[in-house]
Every structure is written in structure tokens, then in C-alpha cells.
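The structure under discussion appears below in the form of C-alpha cells.
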Amino acid sequence: MTKCLGQCGGSDSKGWSVPKRTRSTPQQLKFTEPPMRGFFIHLTVYIAVMVGLAALNLSKNPTHLWFLWVLLAWGIALAGHDLLLLIKSRPKKADPSSAKHLRQNQNG
């Protein structure tokens, strides 16, 4: 922590500042950001519905476990949602030719 010299998010009792929170990068997705929050809501609903369907299936017809098909199909969709989120949050690779061009401009 540093002494507050400009815009500070807050300070403690000794005058030390805490830097303002900025929007996180894709590699640092937090639960409060829409993509991650959407995934966790999807996961929570999946777990709650699967528990309910398993209880219903096992109480009414334990010899035929039909809820496993729902569990499998929705699980695949949930995995796809997670994979899509990971792909979108992956940092973009820089084009090597543009990096070389940038270095040439900096050197002269």
C-alpha cells in the first residue's frame, strides 16, 4: 500500500491508501461479473433440479433411472457453457508480425 497521492479508493486509519478497484481482465473473472455470474446461476439451477429429479425418480420408480438421461444431457450443455466461457476469457495472442513491426519502429 502507498500514501494517497491522487485518486484513492479509500484509506485505513494510518492514512495508507487502497487503490481504486478497476474492471478485472478476462483472466480474472469474478463471480459478480455477468459471464461468470451467468455460469454459476446455471450451475446452481442444474444442481437443484437434478437433486429434485433424482428424489422424484427414486421415490416413484427406483427400478427405471430416467433422471440420469437428463443429468447427462444437461451436464453436456453445462460443460459447453463452461467451455465457451473459458474460450472467451482466454487472452488473445498478439500477431508476431505486428510485434516485430512495433519493435522496428521503437528502434529507429
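The values are calculated or read from the model by the stated rules, or taken from the named source; none is laboratory data. What you see is a predicted model, and the numbers here were worked out from it, not measured in a lab.
Return the total of residues in region 74-97 being of a type outside the set (Asp, Glu) and either within 10 Å of the chain's Cα centre (by Cα) or at pLDDT 75 or above (or both). Outline the logic, then answer.
Going residue by residue through region 74-97, those that are of a type outside the set (Asp, Glu) are 74-81, 83-94, 96-97.
Then drop every residue that is not either within 10 Å of the chain's Cα centre (by Cα) or at pLDDT 75 or above (or both), which leaves 74-81, 83-89.
Adding up the residues that qualify gives 15.
Report yes if some residue within region 62-69 is assigned to a helix (DSSP H, G or I) and of a type in the set (Ser, Thr, Tyr); otherwise report no. Working first, answer last.
In the first step, residues of region 62-69 are kept if they are assigned to a helix (DSSP H, G or I); the result is 67-69.
Next, from what is left, pick out any that are of a type in the set (Ser, Thr, Tyr): none.
There is no residue in region 62-69 that is assigned to a helix (DSSP H, G or I) and of a type in the set (Ser, Thr, Tyr).
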